[in-house]
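Student: I have a structure here, written as C-alpha cells, and I will follow up with some questions on it.
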Amino acid sequence: MDITIVDAPEHERVVEFKDESLGLLGYVAIHSTQRGPAAGGVRMRPYSHPAEALKDALRLARGMTYKNAAADLPLGGGKAVIIGDPQLDKTPELMQAFGRVVQSLNGQYWTAEDMGMTPTDMAYIGSTTEFVAGLADGEFASGDPSPITARGIFNAIRVTAKHRFGRAGLDGLTVSVQGLGHVGEHLCQLLHDAGAKLIVTDIDAQQTARIARRFSAQAVAPDAIYGVKADIFAPCAIGGILNETSIPLLQVGAVAGGANNQLASDQDAQLLHERGILYAPDFVANGGGIVNVATEILQVAEREAFVGRRLQALEQTMDRILTRARAEDVSPHNVAEAIVHETLRAQAA
Ligand code: NAD
C-alpha cells in the first residue's frame, strides 16, 4: 500500500492511497481538526478520473467542517473517497485495506458510512481500524442515522414555516418531498403526524405509490416536483437540484430539506433569495445524521439526551440564521457560512 501526501493548501492534510494488487485507489481529505478529530463518511463511486475524486473529497471534507461546527460538535471536517463501482469492485479485502489507511492517520480522521457503503462494509473497515463509526453492533454503535436526520429536518421545516408564514405549527401546510428513501420516508411520517399535506415523488415509482398510499399524499412524477404548488419544498434525494433551471419553476415559499449540497452553486442561493423563497441551509437542516454518528465517536452514554440537546441547538442555530438573514436582507446560506466562520475564528482566538 502506498500512502502519499497530496498538496492542498486549504486543507490540513490530504493523502492518496493506492494498492494496485487490490485495485484500491482513493483519497482522505482532512479539512480541519480545529474543533476535534475530523469526522465524515467514506464514499465509493466510479469517478471518471482521480482528479474528480480528489475534488469531491476536498469539497466534502470542507462541508463536514461546516456541518460539525453548525451542530456544535467537538469534531472537525474530513471525508474519504474510493474510486470504483460499489456493486462490482467492492470486496472485504478492499474495505480492510481502507481501514488500514484510516488507522495510519492515528485518529485524526474518523470514517463512517456514505454513498455506496453499507453497515457490513463498516464492520470490515472496523476489523482493521478503531476509528470507524456507523457500526450496527457494539457498545456505542449508532446504526442507521436517518431517523435522527429526519427529526432534525422536521425541526428545520418548523422553524422555516415560522419565519416564512408566521406559523407555529405545520397543520394544514403543504410540503412537497423529493426522494422517499431512508430520510424521506421518516420525514413524511413526522410531517403527516404534524398535520401537513404531502406531495411526494421518487424515481422509484413503486416507492412513490407506497408512500402516497401510506400518508394519503399526492404522487407526482420526478420532474413534476419542481412545478407543484406547495408551501415548502423538502429535497431529500440528490445534490445540485436547486439550479438555474429548477429555481424559476418553483411555486413554494420556502425550501427546507435533507439532501446534501442542494445548491448547484452559491449564486443559486441568491436566485432563491431574489424570488422570495426562504432557503434553510442544508448543512444545518441535515446535521442530525452527524449528531447520531457523533454519539459513537464520542462514546456518549446518555445517547437520547445528547441527541435531544444537539437537535435543539441545531434548531436554535437555524432560527438565528433565518432571523439574521431577514434583518440583513441576504440569503440564509450566506449567513450560515458566516456564522460558522465566526465560530471557528472565535474558537481559534
Ligand atoms: P436513500 O438512498 O435512502 O434515498 C434517496 C432516495 O432518493 C431514493 O429512494 C432514490 O430513489 C431517490 N432519488 C434519487 N434521485 C432522485 C430524483 N432525481 N428524484 C426523485 N427521487 C430520487 O438516501 P437517504 O439516506 O435517504 O439520503 C437522502 C439525502 O439526504 C442524500 O442527499 C443524503 O446525502 C442526505 N443525508 C442523509 C443522511 C442520513 O442520515 N441518511 C444524513 C445527512 C444527509
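The values are calculated or read from the model by the stated rules, or taken from the named source; none is laboratory data. Keep in mind that this is a model prediction, so the values were computed, not measured. In this analysis, Cβ positions are derived from the backbone assuming ideal geometry, glycine residues included, and neighbour counts consider all displayed protein chains.
Student: Starting from the range 220-247, keep only residues that are assigned by TED's automatic domain parsing to the domain that holds residue 163 and within 9 Å of the ligand (Cβ to nearest atom), then list their pairs with residues that are assigned to a loop (DSSP other than H, G, I, E, B) and of a type in the set (Val, Ile, Thr) whose Cβ atoms are within a distance under 8 Å, requiring at least 6 positions of separation or different chains.
Tutor: Pairs that qualify, where the first residue is assigned by TED's automatic domain parsing to the domain that holds residue 163 and within 9 Å of the ligand (Cβ to nearest atom) and the partner is assigned to a loop (DSSP other than H, G, I, E, B) and of a type in the set (Val, Ile, Thr), are 222/203; 235/241; 237/203.
Student: Could you check, for the range 95-115, whether at least one of its residues is of a type in the set (Asp, Glu) and either assigned by TED's automatic domain parsing to the domain that holds residue 220 or more than 19 Å from residue 64 (Cβ to Cβ) (or both)?
Tutor: No, every residue in the range 95-115 fails to be of a type in the set (Asp, Glu) and either assigned by TED's automatic domain parsing to the domain that holds residue 220 or more than 19 Å from residue 64 (Cβ to Cβ) (or both).
Student: Tell me the residue from 134, 116, 78, 138 that is crowded, with 24+ Cβ neighbours inside 10 Å and in a loop (DSSP other than H, G, I, E, B), please.
Tutor: The match here is 134.
Student: Which residues, taken from the range 195-215, are more than 22 Å from the chain's Cα centre (by Cα) and either away from the ligand (no atom under 13 Å from the Cβ) or assigned to a loop (DSSP other than H, G, I, E, B) (or both)?
Tutor: If the condition is that a residue be more than 22 Å from the chain's Cα centre (by Cα) and either away from the ligand (no atom under 13 Å from the Cβ) or assigned to a loop (DSSP other than H, G, I, E, B) (or both), then 195, 196, 197, 198, 212, 213, 214, 215 are the ones that fit.
Student: Still on this structure: Testing residue 106 on (1) over 16 Å from residue 297 (Cβ atoms); (2) out of contact with any Gly (no Cβ under 8 Å at 6 or more places or on another chain); (3) not aliphatic (A, V, I, L, M), one condition comes back false. Which one is that?
Tutor: Among (1) over 16 Å from residue 297 (Cβ atoms); (2) out of contact with any Gly (no Cβ under 8 Å at 6 or more places or on another chain); (3) not aliphatic (A, V, I, L, M), residue 106 violates only (1).
Student: Next up: Before we move on, is residue 168 crowded, with 22+ Cβ neighbours inside 10 Å, assigned by TED's automatic domain parsing to the domain that holds residue 279 and either in contact (Cβ under 8 Å) with a residue 24 or more places away in the chain or in a loop (DSSP other than H, G, I, E, B) (or both)?
Tutor: no
Student: Testing residue 72 on (1) on the phi > 0 side of the Ramachandran plot; (2) at pLDDT 95 or above, one condition comes back false. Which one is that?
Tutor: Evaluating residue 72 over (1) on the phi > 0 side of the Ramachandran plot; (2) at pLDDT 95 or above leaves (2) as the failure.
Student: Let me ask another. If you check 175, 102, which single one turns out to be closer than 20 Å to residue 24 by Cβ and of a type in the set (Val, Ile, Thr)?
Tutor: Testing whether each residue is closer than 20 Å to residue 24 by Cβ and of a type in the set (Val, Ile, Thr) leaves just 102.
Student: Given the criteria over 15 Å from residue 333 (Cα atoms), within 15 Å of the ligand (Cβ to nearest atom) and surrounded by 15 or more Cβ atoms within 10 Å (Cβ to Cβ), does residue 260 qualify?
Tutor: no
Student: Is the range 28-35 home to any residue that is within 17 Å of residue 116 (Cα to Cα) and modelled with pLDDT of 95 or more?
Tutor: Yes; the residues of the range 28-35 include at least one that is within 17 Å of residue 116 (Cα to Cα) and modelled with pLDDT of 95 or more.
Student: Could you list, in sequence order, all residues of the range 263-311 that are assigned to a helix (DSSP H, G or I), among the acidic types (Asp, Glu) and more than 13 Å from the ligand (Cβ to nearest atom)?
Tutor: 266, 268, 274, 296, 304
Student: Identify the single condition in (1) surrounded by fewer than 23 Cβ atoms within 10 Å (Cβ to Cβ); (2) under 19 Å from the mean Cα position of the chain (by Cα) that residue 287 does not satisfy, given that it satisfies every other one.
Tutor: It fails just one condition, (1).
Student: Return the pair list, or none, for Cβ contacts closer than 7 Å from residues in the range 109-129 that are aromatic (Phe, Trp, Tyr) to residues that are assigned to a loop (DSSP other than H, G, I, E, B), at least 6 apart or on different chains.
Tutor: 109/37; 109/131; 110/37; 110/131; 110/133
Student: Of all residues being of a type in the set (Val, Ile, Thr) and assigned to a loop (DSSP other than H, G, I, E, B) in the range 221-253, which is modelled with the lowest pLDDT? Just the residue, please.
Tutor: 238
Student: Consider residue 184 against the criteria (1) under 24 Å from residue 45 (Cα atoms); (2) more than 16 Å from the ligand (Cβ to nearest atom): it satisfies all of them except one. Which criterion is unmet?
Tutor: (2)
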